[in-house]
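Since every read-out is calculated from the coordinates, none of them should be taken as a lab result. Since the model is a prediction, treat every value here as computed from it, not as a measurement. All Cβ positions, glycine included, derive from the backbone under ideal geometry; neighbour counts span all protein chains shown.
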Amino acid sequence: MARKLKINKGTIEFKDTYEILIEKKVTKFGTGAKVDCPKEYLGRKVYLLIR
């Protein structure tokens with residue numbers, strides 16, 4: 001599986017195969033933060049992009 005990440009003057013071009021794209025808001029969790037995700041993705045590798 002070939003992955004490609006290109007960053008140019010604030011623009012990100014990311015090419016990879018993916019199953020689903022989820023957009024969520026980061027919420028407070030104790031002294032840190034979290035992003036909720038469906039339980040079916042436990043143990044999967046994910047990318048977290050901060051925009």
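A few points about this structure:
- Cβ-Cβ distance of Asn8 and Arg51, R₀ of 25 Å, FRET efficiency by 1/(1 + (r/R0)^6): the value works out to about 0.95.
- Added length on full extension, which subtracts the Cα-Cα distance from 0.36 nm per residue, Ile20 to Asp36: 4.3 nm
- Within straight-line cross-link reach of Lys6, lysines at Cα separation under 22 Å, skipping those fewer than 8 residues along the same chain: Lys15, Lys45
- The chain, Rg to Rh (Cα coordinates; Rh as Kirkwood inverse mean 1/r): 1.01
- Between the listed residues Tyr18, Tyr41, Leu5, the Cα displaced farthest toward the positive end of the dipole of the chain, a dipole computed from Cβ unit charges relative to the Cα centre, is found at Leu5.
- Taking the Cα centre of the chain as origin and assigning +1 to Lys and Arg Cβ atoms and -1 to Asp and Glu Cβ atoms, the resulting dipole is close to 200 debye.
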